[in-house]
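The values are calculated or read from the model by the stated rules, or taken from the named source; none is laboratory data. Everything numeric here is computed off the predicted structure, so don't read it as measured data. Surface areas here come from the heavy atoms of the whole protein model, side chains and all, with no ligands, DNA or RNA. Shrake-Rupley method; radii C 1.70, N 1.55, O 1.52, S 1.80 Å.
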Amino acid sequence: MGLLSELKLAVPWGHIAVKVWGLQKNPPVLCLHGWLDNANSFDKLIPFLPKDFCYVAMDFGGHGLSTHYSPGLPYYHHNFVSEVRRVVSAFKWTRLSLLGHSFGGVVGGLFACMFPEMVDKLILLDSTPLLMDLNEVENIMTYRRKNIEQTLKVEDSQKPPGIFSPEEMLHELLTKNSHLNEDCGELLLQRGTTKVAEGLVLNRDQRLSWPQYSFDFMGKELTMHSLRRLQASVLIIKALDGYYDVRRENDLNKASFLLMLDILRSTLKEVSCVARKLMGWGCICSEPHFIQPLNSFGSPGLAHSRSK
């Protein structure tokens, strides 16, 4: 299934860039990329998926080819959820499935909780539907403070983006992301950089920094209430060596993830969670063949599965 079109959807601050595979008359699947990635993340995965869907991969604001947010407007978690709703409206969809990788899965999960009647299936690739912090009451003010401070710091610096040769840019990306191979690094940089006379500059907004400064963490009670609003079938594919917490020091403690999984299984009729030995966040680009369970996500296979 080849790429059919590249589109720019108008929004008040500019545009949201999307890529479309398949016929738009087919049931839609909106693909949501990970933090600081872009829509090219799905290029190697789409050919492995069922052909009778229309797949749309979007660049979140400040990522890929989408417009940066206006000066003074920070990148909050719920703003990305709002972007998803704008894309849904632009295509005039009344119902869709969401395929989210890492951060994109968290955005998709929150959208599915806010707009439960619109989401048919929620597929999370090395992700969780929400971000729960069991110490949320103690930490929430720290998160909000750091988000504001980081935004002001970047705005005050007025530092121009760095210019690198293609080789330097690729080396920097692979050094910071050991799960990526060279082919996947080049694929992400195709959409994530712009060529200038002296070399390449990153497209992403410099205000995008550590993800925990932008995420909306929830306490246990709000997480339980939100997840119980879900109406979608849910498929979670976890990389055994992937992230279980946005703060890596908490990865060994999977309490939040396991509690959310228990809530989903006690609430929904159609829940499946599988684990694969994969290279974490790079899995959809470096190892697209791993997603065999997705081949059932448009068929009765997922609709009748429930793992406990």
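Structure note, pairs 146/195; 19/51; 92/121; 51/121; 176/238; 220/254: Cα-Cα distances above 23 angstrom occur for 146/195. The 1.4 Å probe gives accessible areas that order 153, 238, 220, 121, largest first, as 153, 220, 121, 238.
Counting every C-alpha pair in the range 17-164, the share spaced more than 27 angstrom apart comes to 27%. Here the range 116-171 has 56 percent of its accessible surface on carbon and sulfur atoms, given a 1.4 Å probe and all protein chains in place. In terms of its Cα atoms, the range 82-197 spans 48, 36, 29 Å along the principal axes, sorted from long to short. Heavy atoms of the protein chains alone define the surface here; on that basis the range 1-130 has 32 Å² accessible area per residue at 1.4 Å probe size.
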